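Only one structure is covered here, and it is reproduced in the block below.
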Amino acid sequence: MSAVRIAPSILSADFAKLGDEVAMLERAGADWIHVDVMDGRFVPNLTFGAKVIETVRARTTLPLDVHLMVVEPERYFDDFAAAGASGLTIHAEVSPHLHRQLVRIRELGLRAGVALSPSTPLSAVEDVLAELDLLLVMSVNPGFGGQKFIARSVDRLSRARRMLDAAQSGAALEVDGGINRDTIVECWRAGADTFVAGNAVFSARDPAAEIAALRARCAHRA
Ligand code: DX5
Ligand code: ZN
């Protein structure tokens, strides 16, 4: 059985005590810390950049899974690598030279990821599977935490799983948006192995119990 990774998104954290929140997530059993970078251009929202990634890096040894919701993401690769990112995931919708960018991310020694918004065909990554370490299937339209899971994402994950398996790819299959105790089950069955959860973890009274509960929901494939 493949491993399950729970990657809480700090988008839902209290930014006034971000360092403590990150340390809390590590104690609570998170596998990765998901870092949502937004530029107010690719998505309407604005979040943070390299300085904050550095701050987060200083408070945890967990991998930092950086999700770039920005136009021209390549402008930030060097800074984010230096700040301590472990993986960079760029959106296919804003990356006409996807192959080049993925090669570059790997050259920096980082996990190279591509994210697909809900309306982007999976075929957008079909010809770069050899360069891919992570495929992120968005299950909400990127931009905000706390949105409702788009049900069709389950079918997209199944098809993504088949595409990766057919290419004998070892890439992680990550799902992001509206993941909670209910929605995670179908995503797991569809073949996802890495689950971003913002609201579900941070609105829980006991984040450690919530992370454990999310993980437990993935115990069996149907
Ligand atoms: C949305 C972000 C997500 C978001 C997930 O654009 O990429 O990572 O924070 O948050 P929830 O789990 O609340 O949908
Ligand atoms: Zn994200």
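For region 4-35: of the residues being assigned to a strand (DSSP E or B) and within 13 Å of ligand 1 (Cβ to nearest atom), which is nearest to residue 217 (Cα to Cα)? Full working, then the answer.
Restricting attention to region 4-35, the residues satisfying the condition of being assigned to a strand (DSSP E or B) are 5-9, 33-35.
Pick out the ones that are also within 13 Å of ligand 1 (Cβ to nearest atom) and you get 6-9, 33-35.
Working: 6: 11, 7: 15, 8: 16, 9: 19, 33: 20, 34: 20, 35: 23 Å.
Only one residue fits best here, namely 6.
Could you grab me the full set of residues in region 180-196 that are over 9 Å from the mean Cα position of the chain (by Cα) and either free of Cβ contacts under 8 Å to residues at least 24 places away in the same chain or open to solvent by less than 10 Å² (accessible area, probe 1.4 Å) (or both)? Can you show your working first?
At the first step, the residues of region 180-196 found to be over 9 Å from the mean Cα position of the chain (by Cα) are 180-193.
Result: 182, 184, 187, 188, 191, 192.
Does residue 40 qualify as being under 17 Å from the mean Cα position of the chain (by Cα) and at pLDDT 95 or above?
On the way: under 17 Å from the mean Cα position of the chain (by Cα): no; at pLDDT 95 or above: yes.
Spelling it out, it is not the case that residue 40 is under 17 Å from the mean Cα position of the chain (by Cα) and at pLDDT 95 or above.
Could you tell me whether region 149-161 includes any residue that is away from ligand 2 (no atom under 14 Å from the Cβ), open to solvent by 10 Å² or more (accessible area, probe 1.4 Å), over 15 Å from residue 190 (Cβ atoms) and modelled with pLDDT of 95 or more?
no
Whether any residue in region 213-220 is within 16 Å of ligand 2 (Cβ to nearest atom) and touching a Ser or Thr at 6+ places or on another chain (Cβ under 7 Å) is what I want to check. Let's see the steps before the verdict.
Residues of region 213-220 within 16 Å of ligand 2 (Cβ to nearest atom): 214.
Then keep just the ones that are touching a Ser or Thr at 6+ places or on another chain (Cβ under 7 Å); that gives none.
Within region 213-220, not a single residue is within 16 Å of ligand 2 (Cβ to nearest atom) and touching a Ser or Thr at 6+ places or on another chain (Cβ under 7 Å).
Taking the condition within 16 Å of ligand 2 (Cβ to nearest atom), in contact with a Phe, Trp or Tyr (Cβ under 7 Å, 6 or more places away or on another chain) and in a loop (DSSP other than H, G, I, E, B), does residue 62 pass? If you could, list the steps in order and put the result at the bottom.
Values: within 16 Å of ligand 2 (Cβ to nearest atom): yes; in contact with a Phe, Trp or Tyr (Cβ under 7 Å, 6 or more places away or on another chain): yes; in a loop (DSSP other than H, G, I, E, B): yes.
Answer is yes for this residue.
Does at least one position in region 78-91 carry a residue that is open to solvent by 20 Å² or more (accessible area, probe 1.4 Å) and of a type in the set (Phe, Trp, Tyr)? Break it down into steps so the answer makes sense when it comes.
Going through region 78-91, the residues open to solvent by 20 Å² or more (accessible area, probe 1.4 Å) turn out to be 78-79, 81-82, 86.
Now narrow it down to the ones that are of a type in the set (Phe, Trp, Tyr): none.
Within region 78-91, not a single residue is open to solvent by 20 Å² or more (accessible area, probe 1.4 Å) and of a type in the set (Phe, Trp, Tyr).
Just to verify a result, which residue in region 167-184, among those that are under 16 Å from residue 150 (Cβ atoms) and not in a loop (DSSP other than H, G, I, E, B), is nearest to ligand 2 (Cβ to nearest atom)?
Let us first name the residues in region 167-184 that are under 16 Å from residue 150 (Cβ atoms), namely 174-180, 182-184.
Adding the requirement that they be not in a loop (DSSP other than H, G, I, E, B) leaves 174-176, 183-184.
Values: 174: 9, 175: 10, 176: 4, 183: 15, 184: 15 Å.
Among those residues, the one meeting the criterion is 176.
Can you pull out every residue in region 1-59 that is polar (S, T, N, Q), away from ligand 2 (no atom under 15 Å from the Cβ) and surrounded by 15 or more Cβ atoms within 10 Å (Cβ to Cβ)? Talk me through it step by step, then tell me what you get.
Restricting attention to region 1-59, the residues satisfying the condition of being polar (S, T, N, Q) are 2, 9, 12, 45, 47, 55.
Keeping just the survivors that are away from ligand 2 (no atom under 15 Å from the Cβ) gives 2, 55.
Scanning region 1-59 gives a single hit, 55.
Could you list all residues from region 60-72 that are open to solvent by 60 Å² or more (accessible area, probe 1.4 Å) and farther than 14 Å from residue 20 by Cα? Let's see the steps before the verdict.
Start the filter on region 60-72 by keeping residues that are open to solvent by 60 Å² or more (accessible area, probe 1.4 Å), which leaves 61, 72.
Listed by number, the list holds a single entry, 72.
So which residues in region 118-132 are outside any helix (DSSP H, G or I) and more than 16 Å from ligand 2 (Cβ to nearest atom)?
Of region 118-132, the ones outside any helix (DSSP H, G or I) are 118-121, 132.
Correct list: 119, 121, 132.
Specify the residue that is farthest from residue 193 (Cα to Cα); the eligible residues are those in region 38-61 that are among the aliphatic types (A, V, I, L, M) and in contact (Cβ under 8 Å) with a residue 40 or more places away in the chain. Lay out the reasoning, then the answer.
Taking region 38-61 and keeping what is among the aliphatic types (A, V, I, L, M), we get 38, 43, 46, 50, 52-53, 56, 58.
Next, from what is left, pick out any that are in contact (Cβ under 8 Å) with a residue 40 or more places away in the chain: 38, 43, 56.
On the way: 38: 24, 43: 26, 56: 24 Å.
Top of the filtered list is 43.
If you go through region 205-221 one residue at a time, do you hit one that is assigned to a loop (DSSP other than H, G, I, E, B), charged (D, E, K, R) and open to solvent by less than 30 Å² (accessible area, probe 1.4 Å)?
Within region 205-221 (the criterion being assigned to a loop (DSSP other than H, G, I, E, B), charged (D, E, K, R) and open to solvent by less than 30 Å² (accessible area, probe 1.4 Å)), the answer is no, since none of the residues qualifies.
As an exercise: evaluate residue 187 against (1) away from ligand 1 (no atom under 15 Å from the Cβ); (2) part of a helix (DSSP H, G or I); (3) not polar (S, T, N, Q) and give the number of the one condition it does not meet.
Going through the list (1) away from ligand 1 (no atom under 15 Å from the Cβ); (2) part of a helix (DSSP H, G or I); (3) not polar (S, T, N, Q), residue 187 breaks only (1).
The values are calculated or read from the model by the stated rules, or taken from the named source; none is laboratory data. Not measured: the values here are computed from a predicted model. Reconstructed Cβ throughout: ideal geometry from the backbone, glycine too, with neighbour counts over all protein chains shown. Side chains are part of the model used for accessible areas, which takes the heavy atoms of the whole protein and leaves out ligands, DNA and RNA. Shrake-Rupley method; radii C 1.70, N 1.55, O 1.52, S 1.80 Å.
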